[in-house]
1. Using Cα-Cα distances under 8 Å and only pairs 6 or more residues apart, what relative contact order does the range 93-168 have, in percent?
2. In whole Å, what is the distance between the alpha-carbon centres of the range 71-115 and the range 123-153?
3. With each pseudo-label sitting 7 Å past Cα toward Cβ, what's the residue 130-residue 191 distance in nm, one decimal?
4. Starting at the first residue of the range 222-229, write each ³J(HN,Hα) from the Karplus equation 6.51 cos²θ - 1.76 cosθ + 1.60 with θ = phi - 60°, in whole Hz, x for Gly and Pro.
5. Need the full-extension length gain, residue 137 to residue 118, defined as separation in residues times 0.36 nm minus the C-alpha distance. One decimal, nm.
6. If you rank 184, 127 by fewest surrounding Cβ atoms within 10 Å, what's the result?
Amino acid sequence: MFAGFNLTLNSMDLIELSAYKEQGDQLFKEQKKEIVAALEKYINVDGSLEASKIEEDWFTPIRSHIFLSHSHDDEEMVKQLAGYLKHTYGIECFIDSCVWGYANDLLKEIDNRYCRYQETDGQFFYEYDNRNRSTSHVHMLLNGALAKMINKTECLFFVNTPNSVNAQDAENPSKTASPWIYSELLMATEFPHEKLSKYREGESYEERGYFEHAELQINYDIKIDKLTELYFSDLKKMKFKDETQDPLRSLDTLYRKKGLI
């Protein structure tokens with residue numbers, strides 16, 4: 001990753017982005033197609049998981065310029081943002097919620113095969129320790145794959161909304177309840193950034209419970225102050241009037257305006 005941005009959108013921006021719903025839905029559908037088709041291939045005949053195959057099937061075919069880190073509750077809006085960037089600049093975006101939902105599908109498939117047992121009265125139950133093991137493995141594999149994807153994209157947009165960040169007092173300016181957002185921003189803010197040339201080599205400019213329960217919520221500190229502030233108005237200035245659609249040129253314009261190159 002070359003650069004990380006803290007993107008804030010207002011109500012007028014959301015109205016403008018809503019015009020790109022069709023394009024965003026199509027992009028989301030195309031990205032998740034590979035994930036859905038690959039679910040069965042992840043489980044070997046002996047019940048083990050093929051880690052390298054999971055990472056490969058999820059991410060290898062997907063080549064993106066921007067990693068969109070966001071709350072699941074903002075999925076529709078983020079799809080529209082991806083649609084806008086693709087339609088306007090030809091910029092390809094990786095939408096991380098494409099993966100979250102199918103991680104739960106993968107877990108359910110594994111748990112139904114290897115963690116579910118039947119009582120003598122015919123009732124089924126999930127064995128606690130086995131269920132914990134399967135969850136930890138899948139989440140660890142997913143986290144590693146997301147880290148690789150962040151490293152493959154030249155920039156990350158953190159979509160900063162009340163759904164993704166909980167405002168705190170002055171000593172704790174921001175927290176999130178999402179472990180995925182926490183992990184992604186940890187990578188984006190603490191890992192060394194790469195040179196832009198790394199990404200341009202060879203490129204041309206052309207988841208039912210049976211009991212009532214309290215929800216476990218953990219708040220993670222996130223250092224969004226290390227990300228460059230970004231607004232929709234910045235995105236609208238990434239192309240000159242007479243320029244043809246060129247994703248790399250458009251991103252370079254953004255980097256220059258933000259003093260990154």
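Only the coordinates and a few stated rules stand behind these numbers; no lab work does. Please read these numbers as outputs of a predicted model, since none were measured by experiment. Don't worry about glycine lacking a Cβ; one is built from the backbone with ideal geometry, like all the others, and counts go over all protein chains shown.
1. Result for the range 93-168 is 22 percent.
2. 16
3. 3.4
4. Those phi angles translate into 10, 9, 6, 5, 7, 8, 6, 4 Hz.
5. Extra length from residue 137 to residue 118 when fully extended: 4.5 nm.
6. By the 10 Å Cβ count, ascending, the order reads 127, 184.
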